[in-house]
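These notes concern the structure reproduced below.
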Amino acid sequence: MVLENGVALGLHIAPMMGRSHLHGRRLWRMLCPGAVLYTEMTAAAAVARAGEDARRRLLFLPLSQKPAVLQLAGDDAQTMRAAAALAAECGYDALNINCGCPSERAQRGGFGARLMTQPLRAAAVVRAARAGGGLPVSVKCRTAVDDADAESFLSEFVAAVADAGAGALIVHARRALLAGLSPAQNRSAPPLDLQTAEIVRARFPGLPMIINGGIATAENARELLSRFEGVMVGRAAARNPWLLAEIARREFGARPPSRMEALRGMLEYAVSQPPGEWRKIAAAAGGLFYGMPGGGELRRTLARARGVSDFILSAGFPPPTPPIKDGGGCLQQIKMGGGYCENVFEGGAGFGIFAACAV
Ligand SMILES: Cc1cc2nc3c(=O)[nH]c(=O)nc-3n(C[C@H](O)[C@H](O)[C@H](O)COP(=O)(O)O)c2cc1C
């Protein structure tokens with residue numbers, strides 16, 4: 001895998017629809033420089049068929065978010081090849097093929113976990129992705145589908161995709177149950193099965209395996225890093241992004257910013273973005289003080305606010321003069337002369353959250 005940096009670092013932040021968008025990734029990058037970031041699942045067909053402008057929006061990747069992996073979904077080799085070629089032009093470091101999504105849509109479309117039941121088709125998709133863009137390609141999969149014997153099922157699948165050129169494997173270490181469970185239920189049941197993942201890893205010693213599923217503490221990540229080439233964190237990164245900073249600091253000697261600096265960074269960034277993006281930015285930043293006094297209140301205040309200026313006002317501060325215009329390119333205004341964000345973070349009436357959390 002060419003992503004030497006990412007694989008060496010061993011920390012991967014999962015592809016998550018509605019979470020791993022541009023803004024979520026921005027926060028994660030701030031907290032853990034060097035970790036490998038994944039996009040939300042993106043349909044290869046959407047990439048291949050989009051007009052130039054739409055495609056540029058769909059695949060936009062700021063340089064600061066590298067190393068970054070575009071996750072593609074699809075079952076048609078020709079479409080995948082075209083999408084991969086276009087992705088390579090946008091600066092992605094690697095591609096990842098979704099072979100784990102258990103949704104009905106994925107089942108109907110023949111992609112996601114459905115591809116695990118068709119190793120030869122999965123291999124053709126991987127081969128096409130490799131050929132299209134020349135980028136490294138990894139595969140994200142489960143340990144098995146439905147009641148298949150996990151060891152032989154996963155081994156057969158891995159043999160096929162490795163032969164087709166997959167350079168790394170990300171294993172969400174539980175089987176996908178295609179009937180009767182929603183995708184959300186499929187992330188908590190059945191129980192994790194690390195043993196199968198380890199057995200299969202040993203059978204393919206040249207293929208780095210990144211383990212995924214249920215990682216929620218730095219200790220947990222440390223233990224798994226001693227057994228696999230990398231760890232991939234999903235829900236915990238969205239709920240408690242500070243966990244990423246802890247892992248990056250403890251395991252890789254990174255020097256992340258403080259929670260407060262990260263929040264400030266996200267507010268400054270929000271001001272530079274179109275107002276319609278605020279909700280996603282606020283949701284991404286909302287977990288920064290997870291588990292700390294006032295953390296829940298901060299998340300709720302961010303969620304209720306209609307923009308940065310409204311957030312500052314709802315937090316009980318006097319109205320800023322001149323007013324901050326969200327999306328109006330007023331980043332300079334905030335940055336200059338200390339600005340309002342600086343004032344906000346120094347605490348004050350009605351803002352006990354920051355007084356409590358300013359560590
Ligand atoms: C809201 C949400 C959206 C997700 N979207 C994707 C996706 O687009 N592609 C994918 O491969 N997995 C997706 N997943 C699964 C995660 O990548 C991950 O495999 C799963 O959540 C297990 O890891 P965790 O226990 O660390 O969350 C999603 C998970 C969540 C919670």
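The values are calculated or read from the model by the stated rules, or taken from the named source; none is laboratory data. Small disclaimer: the values here were computed from a predicted structure and weren't measured. Here the Cβ is made from the backbone with ideal geometry for all residues, glycine too, and neighbour counts use every protein chain on show.
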Worksheet item: What are the pairs, 6+ residues apart or on separate chains, where a residue within the stretch 11-29 that is charged (D, E, K, R) has its Cβ under 6 Å from a residue that is not in a loop (DSSP other than H, G, I, E, B)?
Response: ARG19/ALA238; ARG25/LEU37; ARG25/GLN65; ARG29/GLN65
Worksheet item: Just checking, which of ALA162, ALA254 is away from the ligand (no atom under 16 Å from the Cβ), of a type in the set (A, V, I, L, M, F, W, C) and within 20 Å of the chain's Cα centre (by Cα)?
Response: ALA254
Worksheet item: Taking ARG264, is it of a type outside the set (Asp, Glu), more than 16 Å from the ligand (Cβ to nearest atom) and in contact with a Cys (Cβ under 6 Å, 6 or more places away or on another chain)?
Response: yes
Worksheet entry | Single residue of the stretch 83-106 satisfying the filter (free of Cβ contacts under 8 Å to residues at least 60 places away in the same chain and among the acidic types (Asp, Glu)) that is nearest to the ligand (Cβ to nearest atom) | GLU104
Fill in: Qualifying residue in the stretch 236-246 (condition: surrounded by fewer than 20 Cβ atoms within 10 Å (Cβ to Cβ) and small (Gly, Ala, Ser))
no
Worksheet item: Any idea which residue in the stretch 111-153 is nearest to the chain's Cα centre (by Cα), counting only those that are within 16 Å of the ligand (Cβ to nearest atom) and small (Gly, Ala, Ser)?
Response: SER138
Discussion item. For the stretch 183-233: of the residues being away from the ligand (no atom under 14 Å from the Cβ), charged (D, E, K, R) and in a loop (DSSP other than H, G, I, E, B), which is surrounded by the most Cβ atoms within 10 Å (Cβ to Cβ)?
Written reply: GLU229
Response to the item:
Contact list, first residue from the stretch 120-137 and on the phi > 0 side of the Ramachandran plot, second anywhere and part of a helix (DSSP H, G or I) and surrounded by fewer than 24 Cβ atoms within 10 Å (Cβ to Cβ), beta-carbon distance below 9 Å, six or more apart or interchain, is GLY134/ALA85; GLY134/ALA88
Fill in: Sole residue being more than 21 Å from ILE97 (Cα to Cα), touching a Pro at 6+ places or on another chain (Cβ under 7 Å) and at pLDDT 95 or above, chosen from MET30, MET41
MET30
Discussion item. Could you tell me how many of the residues in the stretch 234-261 are among the acidic types (Asp, Glu) and not in a helix (DSSP H, G or I)?
Written reply: 0
